[in-house]
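For reference, the structure is listed below as structure tokens.
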Amino acid sequence: MPQSTSLPLAQIAQLLDVPEDSLRALIAARGDQGDTTLVGLTVAEAARRMGVGRTTLYKYISSGEVPSAKVGRLRRVPVEAVNEFLQRRLSRDGFGTAA
């Protein structure tokens, strides 16, 4: 498993005051939690990434500001739609430049 931390696992275990073997077992048991190929987010996931509530995101979806699609009974928001919405907001509100 690739390490994504800058500290060795032994130092992390020491900082957490847990045995290194226990920390390694926890990491192994946890497995790969994230799916980097995920392209359709739930409304809750998209709202969390955007820093807004679900109700606010549903307003953006119903107004057409954020595209989404129904998959079965569930609504999915493309990852690209979240990124594009945030880019539009940043450029419109002027947060992309220093004051």
List the pairs whose first member sits in region 4-22 and is of a type in the set (Gly, Ala, Ser), whose second member is at pLDDT 75 or above and surrounded by fewer than 12 Cβ atoms within 10 Å (Cβ to Cβ), and whose Cβ atoms are under 9 Å apart, counting only residues at least 6 apart or on separate chains?
-> Ala13/Pro19; Ala13/Asp21; Ala13/Ser22
How many residues are at pLDDT 75 or above and touching an Asp or Glu at 6+ places or on another chain (Cβ under 7 Å) when one looks only at region 10-26?
-> 1
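Each row is one residue, and each column tells you yes or no for (1) hydrophobic (A, V, I, L, M, F, W, C); (2) within 30 Å of Ile12 (Cβ to Cβ); (3) open to solvent by 90 Å² or more (accessible area, probe 1.4 Å); (4) at pLDDT below 90.
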residue	(1), (2), (3), (4)
Ala28	yes, yes, no, yes
Gln33	no, yes, yes, yes
Glu45	no, yes, no, no
Arg48	no, yes, yes, no
Ser62	no, no, yes, no
Val66	yes, no, no, no
Ala69	yes, no, no, no
Pro78	no, no, no, no
Gly94	no, no, no, yes
Among the candidates Leu90, Leu86, residue that is among the hydrophobic types (A, V, I, L, M, F, W, C), in a helix (DSSP H, G or I), at pLDDT below 85 and surrounded by 11 or more Cβ atoms within 10 Å (Cβ to Cβ) = Leu90
For region 43-69, pairs from a residue that is more than 14 Å from Leu86 (Cα to Cα) to a residue that is of a type outside the set (A, V, I, L, M) and not in a loop (DSSP other than H, G, I, E, B), with Cβ under 6 Å and 6 or more apart or across chains, are Val43/Arg54; Val43/Arg75; Ala44/Arg54; Ser68/Arg75; Ala69/Arg76
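The values are calculated or read from the model by the stated rules, or taken from the named source; none is laboratory data. In this text the structure is predicted, and so the values were computed from the model without any measurement. Virtual Cβ from ideal backbone geometry, glycine too; neighbours counted across all protein chains shown. What goes into the accessible areas is simple: the full protein's heavy atoms, side chains included, and nothing from ligands, DNA or RNA. Shrake-Rupley method; radii C 1.70, N 1.55, O 1.52, S 1.80 Å.
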